[in-house]
There are 2 protein chains.
Amino acid sequence: MARATVQDVAKTAGVSVGTVSRVLNGSPAVSESSKAKVAAAIRQLNYRPLASARDLRRDRTMRILALAKNLYSPVISEVFRGAGDAAARSGYVTLIAPTAGDPEREQQLVDMLRNGSVDGLIMFSPTMPDEDVGDMAEQLSVVQVCEIADAEAAFGVSIDDRQAAFDMVRHLIETGGRRLAMIGTRAARSGRLREEGFRKAVAEAGLSPDQMLFTDGDFDFHAGRRLARELLGARPLPDAVFCGSDTVAAGCVREITDAGLRVPGDIAVAGFDDSIQAEMCVPELTTIRQPAYAMGQLAFEALLARMTEPEGHRRGRTFLPHELIVRDSTNG
Amino acid sequence: MARATVQDVAKTAGVSVGTVSRVLNGSPAVSESSKAKVAAAIRQLNYRPLASARDLRRDRTMRILALAKNLYSPVISEVFRGAGDAAARSGYVTLIAPTAGDPEREQQLVDMLRNGSVDGLIMFSPTMPDEDVGDMAEQLSVVQVCEIADAEAAFGVSIDDRQAAFDMVRHLIETGGRRLAMIGTRAARSGRLREEGFRKAVAEAGLSPDQMLFTDGDFDFHAGRRLARELLGARPLPDAVFCGSDTVAAGCVREITDAGLRVPGDIAVAGFDDSIQAEMCVPELTTIRQPAYAMGQLAFEALLARMTEPEGHRRGRTFLPHELIVRDSTNG
DNA sequence: CTGTTAGCGCGTTCAG
DNA sequence: CTGAACGCGCTAACAG
């Protein structure tokens, strides 16, 4: 059978479409008897308002979209959980889509905001240039999370990656590190900021970095192993390695251990994110905790303000505090 | 400035809305000159067709929704990547949403199919009863993946969980296991099937299971540790443990190791999924590989058939082959 | 409190 | 090849 419409419901209930619509939208100006009749008809016909018709008429969808390169990341999934919970409290549905780091697919997804498929957008480390993000933020309801483009109009929620890296490297130095190395990435803005923090801490201590390794690939376990192998080929060996993620740090620890050296005895290793990987690793990883869930919540709040207050009240950039978690992979 | 419509484009280009629409949809029956004029006007006005209006008119959205309890799972993210790639090839956008295991939120998301927000649905271990899944599959475009409800109309793509568990437990027995234990879950259908496979293999070998531990919570690392601790309190100790996921197995290995016993020397441990956790664990885990990406692809193909061929061609249940990966956590 | 009606923006007839 | 006009299903404004 074909899908029922308001017309059908109205006919079955013996009222007008206006009344049906009022019941549907909880208008108080409806008699109890009408309400009951409409409710009965809706149940009988198994009626559901058609989303596209409603969205067209209301000019909004009550849906937002969250974009990330990939979903299998403890930080991303936690951020989106926070955003999703906050959104739900305001009646919004949060949809998630992976871009796979493909600019074309990213563009297609961003178009969903432009063509009104969703009301707002949360972006996690976009592949597009900062300038484009700024232009978008200028006219559309977009908020970034964990990384904020270096553009006037861009706004979002993040930790201070530079400071977090600085704090971690200082911890490595305070616990005996003298030949410092870093395994990071320059592909992401947050990675570049962490590198800055690393360099600053090393310089302030009057040391010079012996090795600096970077990868433009993903922050995965195998990359960690591969880069640690390079590190182990260097002389003199580093005695402390700062990694851009727990997963990379786990790979690094594994490679060092397999080579017969001890962590942290011979080489201390630090991670980033405080994901479950940090606890799964042996020894458990010293790391930086990002308040991912809270960041997601705040990102949605900011987005909501942007969506509901057309031009004003841009909350700007919000930075949340990070936390140094000392475990067993450094000489705590 | 307000959003441009086909009307605006038509006026700017000096043609009718019909012509604009034809250009938009690539109709061949348009002169080159009209095409050029319309293209110019579209660019000038930065015009995008409004999704809700188009969806209403066309009665479809070219979007599908993929549901899972949580996103931070190597299998789920890989399945959805496969589904997303296949969908993209057919012009569909794949949206993903976590249910958090909350029936209410799950229902709200499923309603997106009922109200036409999306054209199809891929479900990953739903919380709703099999019967409800069957009812849905009867009338709506729904396909399950990794787990298929025990209902006439339900269909989807999965491995044979029962057989996979059987194969793994037989491997444990063939490599010396005599006192077999399992850490699984009865909350999910796949978990119950794996338990069946476990019991069958133990029975066929003429052994009896010494311990059987189950949790209704998530398959996470901490659960693995906690349950392994219970296992270690039993006498006689098991000499082989089959776990329902790599993550649980990693927790199990960690607890055993911390207790001063050796894996696999004292107790062999097996995982499931062949996720990156299996390689991160020390010793690396023997596990079962699920062809997750391919399962996602096939799930979408099945869904596409369901969406485009109203009633016929239900592909039914598709089972893909699994693979036993022997690594170092069992006496391979 | 209720019914009627006018669009929302678009795709698609049907004439020409 | 093109333009005019209708209606998808719904909400909201207006009259009663």
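Sort out which residues of region B:42-64 are in a helix (DSSP H, G or I) and within 12 Å of DNA strand C (Cβ to nearest atom), and write them in order of number. Before you say what the answer is, go through the steps one by one.
As a first pass, look at region B:42-64 and keep what is in a helix (DSSP H, G or I): B:42-45, B:51-58.
Selection gives B:I42, B:L45, B:A51, B:S52, B:A53, B:R54, B:D55, B:L56, B:R57, B:R58.
Which members of region A:21-34 meet the condition of being more than 12 Å from DNA strand D (Cβ to nearest atom) and either closer than 28 Å to B:D59 by Cβ or under 43 Å from the mean Cα position of the chain (by Cα) (or both)?
A:P28
Among B:A100, B:A88, which is the only one that is within 17 Å of A:K69 (Cβ to Cβ) and more than 16 Å from DNA strand C (Cβ to nearest atom)?
Values: B:A100 fails: within 17 Å of A:K69 (Cβ to Cβ).
Only one candidate qualifies: B:A88.
Can we say A:A234 is under 26 Å from the mean Cα position of the chain (by Cα), without any contact (Cβ under 8 Å) to a residue 60 or more places away in the chain and assigned to a loop (DSSP other than H, G, I, E, B)? Steps first, please.
Details: under 26 Å from the mean Cα position of the chain (by Cα): no; without any contact (Cβ under 8 Å) to a residue 60 or more places away in the chain: yes; assigned to a loop (DSSP other than H, G, I, E, B): yes.
Considered against the rule, which asks whether it is under 26 Å from the mean Cα position of the chain (by Cα), without any contact (Cβ under 8 Å) to a residue 60 or more places away in the chain and assigned to a loop (DSSP other than H, G, I, E, B), A:A234 comes out as no.
Across region B:123-151, what is the total count of residues that are in contact with a helix residue (DSSP H, G or I) (Cβ under 6 Å, 6 or more places away or on another chain) and more than 18 Å from B:I64 (Cα to Cα)?
5
Among the residues of region B:251-268, is any free of Cβ contacts under 8 Å to residues at least 12 places away in the same chain and on the phi > 0 side of the Ramachandran plot?
yes
Need the failing condition index for B:V93 against (1) away from chain A (no Cβ under 12 Å); (2) among the β-branched types (V, I, T); (3) more than 12 Å from DNA strand D (Cβ to nearest atom), just the number.
(1)
Of all residues in region B:266-311, count the ones that are of a type in the set (S, T, Y) and within 14 Å of chain A (Cβ to nearest Cβ).
Of region B:266-311, the ones of a type in the set (S, T, Y) are B:275, B:286-287, B:293, B:308.
Among the residues that remain, those that are also within 14 Å of chain A (Cβ to nearest Cβ) are: B:275, B:293.
Here the count works out to 2.
Restricting to region A:9-20, name every residue that is buried (at least 18 other Cβ atoms within 10 Å of the Cβ), within 12 Å of DNA strand D (Cβ to nearest atom) and either modelled with pLDDT under 90 or not in a loop (DSSP other than H, G, I, E, B) (or both).
Matches in region A:9-20: A:V9, A:A10, A:T19, A:V20.
What is the one condition in (1) touching a residue at least 40 places away in the same chain (Cβ under 8 Å); (2) surrounded by 21 or more Cβ atoms within 10 Å (Cβ to Cβ) that A:R327 does not satisfy?
Every condition holds for A:R327 apart from (2).
So in region B:197-215, with the set limited to residues that are of a type outside the set (F, W, Y) and touching a strand residue (DSSP E or B) at 6+ places or on another chain (Cβ under 7 Å), which one is farthest from B:G251 (Cα to Cα)?
Here is the first cut: in region B:197-215, the ones of a type outside the set (F, W, Y) are B:197, B:199-213, B:215.
Those left that are additionally touching a strand residue (DSSP E or B) at 6+ places or on another chain (Cβ under 7 Å): B:202, B:207, B:209-213.
On the way: B:V202: 23, B:L207: 26, B:P209: 21, B:D210: 20, B:Q211: 18, B:M212: 17, B:L213: 14 Å.
Per the stated criteria, the residue is B:L207.
Could you pull out the residue among A:V30, A:V23 that is part of a helix (DSSP H, G or I) and out of contact with any Pro (no Cβ under 8 Å at 6 or more places or on another chain)? First the steps, then the outcome.
On the way: A:V30 fails: part of a helix (DSSP H, G or I).
Among A:V30, A:V23, only A:V23 is part of a helix (DSSP H, G or I) and out of contact with any Pro (no Cβ under 8 Å at 6 or more places or on another chain).
Considering only residues of region A:175-208 that are over 27 Å from A:S73 (Cβ atoms) and in contact with a Leu (Cβ under 9 Å, 6 or more places away or on another chain), which is surrounded by the most Cβ atoms within 10 Å (Cβ to Cβ)? Give the derivation first.
Here is the first cut: in region A:175-208, the ones over 27 Å from A:S73 (Cβ atoms) are A:175-179, A:202-208.
With in contact with a Leu (Cβ under 9 Å, 6 or more places away or on another chain) added as a condition, the list becomes A:177-179, A:202, A:205, A:207-208.
Working: A:G177: 27, A:R178: 13, A:R179: 17, A:V202: 24, A:A205: 16, A:L207: 15, A:S208: 10.
Applying the filter and picking the extreme gives A:G177.
Among the numbered criteria (1) near DNA strand C (Cβ under 10 Å from one of its atoms); (2) surrounded by fewer than 17 Cβ atoms within 10 Å (Cβ to Cβ), which single criterion is violated by A:N25?
The single condition A:N25 does not satisfy is (1).
Based on this model, can you work out whether A:A4 counts as within 10 Å of DNA strand C (Cβ to nearest atom) and within 14 Å of chain B (Cβ to nearest Cβ)?
Working: within 10 Å of DNA strand C (Cβ to nearest atom): no; within 14 Å of chain B (Cβ to nearest Cβ): yes.
No: the conditions fail for A:A4.
Results for (1) β-branched (V, I, T); (2) part of a loop (DSSP other than H, G, I, E, B); (3) more than 10 Å from chain B (Cβ to nearest Cβ); (4) surrounded by fewer than 16 Cβ atoms within 10 Å (Cβ to Cβ), shown as yes or no for each residue.
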site	(1), (2), (3), (4)
A:A97	no, no, no, no
A:E106	no, no, yes, no
A:L109	no, no, no, no
A:G116	no, yes, no, no
A:L121	no, no, yes, no
A:M128	no, yes, yes, no
A:V133	yes, no, yes, no
A:A137	no, no, yes, no
A:V143	yes, no, yes, no
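Can you find even one residue in region A:68-78 that is buried (at least 16 other Cβ atoms within 10 Å of the Cβ), of a type in the set (S, T, Y) and within 16 Å of DNA strand C (Cβ to nearest atom)?
Looking for residues that are buried (at least 16 other Cβ atoms within 10 Å of the Cβ), of a type in the set (S, T, Y) and within 16 Å of DNA strand C (Cβ to nearest atom), one finds none in region A:68-78, hence no.
Is there a residue being in contact (Cβ under 8 Å) with a residue 60 or more places away in the chain and touching a Pro at 6+ places or on another chain (Cβ under 6 Å) anywhere in region B:181-203?
Our first condition is that a residue be in contact (Cβ under 8 Å) with a residue 60 or more places away in the chain; within region B:181-203, this holds for B:181-184, B:188-190, B:194.
When the remaining residues are screened for being touching a Pro at 6+ places or on another chain (Cβ under 6 Å), the result is B:181.
Checked region B:181-203: at least one residue is in contact (Cβ under 8 Å) with a residue 60 or more places away in the chain and touching a Pro at 6+ places or on another chain (Cβ under 6 Å).
Which one of these does A:L140 not meet: (1) modelled with pLDDT of 95 or more; (2) under 20 Å from A:M62 (Cα atoms)?
Only one criterion in (1) modelled with pLDDT of 95 or more; (2) under 20 Å from A:M62 (Cα atoms) is unmet by A:L140, namely (1).
Which pairs have Cβ atoms under 7 Å, sit 6 or more apart or on different chains, and link a residue in region A:1-19 that is closer than 22 Å to B:G116 by Cβ and of a type outside the set (A, V, I, L, M, F, W, C) to one that is in a helix (DSSP H, G or I) and within 11 Å of DNA strand C (Cβ to nearest atom)?
Correct list of pairs: A:Q7/A:V17.
Being within 14 Å of another protein chain (Cβ to nearest Cβ) and either over 17 Å from the mean Cα position of the chain (by Cα) or among the aromatic types (F, W, Y) (or both): is that true of B:G251 here?
Details: within 14 Å of another protein chain (Cβ to nearest Cβ): yes; either over 17 Å from the mean Cα position of the chain (by Cα) or among the aromatic types (F, W, Y) (or both): yes.
In short, yes.
Can you name every one of the helices (runs of 4 or more DSSP H) wholly within region B:243-332 that holds 3 or more residues which are acidic (D, E)? Quick ask: steps written out before the conclusion?
Working: elements: B:246-258, B:276-280, B:292-308.
Here the list reads B:246-258.
Can you name the residue in region A:178-216 that is in contact with a helix residue (DSSP H, G or I) (Cβ under 8 Å, 6 or more places away or on another chain) and in a loop (DSSP other than H, G, I, E, B) and, of all such residues, is modelled with the lowest pLDDT?
The qualifying residue modelled with the lowest pLDDT is A:T215.
Determine which single condition B:I76 fails, assuming it passes every other condition in (1) of a type outside the set (S, T, N, Q); (2) in contact with a Gly (Cβ under 8 Å, 6 or more places away or on another chain); (3) assigned to a helix (DSSP H, G or I).
Failing condition for B:I76: (2).
Which residues, taken from region A:48-79, are in contact with a strand residue (DSSP E or B) (Cβ under 8 Å, 6 or more places away or on another chain), within 16 Å of DNA strand D (Cβ to nearest atom) and more than 8 Å from chain B (Cβ to nearest Cβ)?
Correct list: A:M62 only.
Would you please list the contacts, defined by Cβ atoms under 6 Å and residues six or more apart or on different chains, that run from a residue in region B:28-43 that is farther than 15 Å from B:T12 by Cβ to a residue that is within 12 Å of DNA strand C (Cβ to nearest atom) and assigned to a helix (DSSP H, G or I)?
Close Cβ pairs satisfying both conditions: B:V30/B:R22; B:V30/B:V23.
The values are calculated or read from the model by the stated rules, or taken from the named source; none is laboratory data. Keep in mind that this is a model prediction, so the values were computed, not measured. Here the Cβ is made from the backbone with ideal geometry for all residues, glycine too, and neighbour counts use every protein chain on show.
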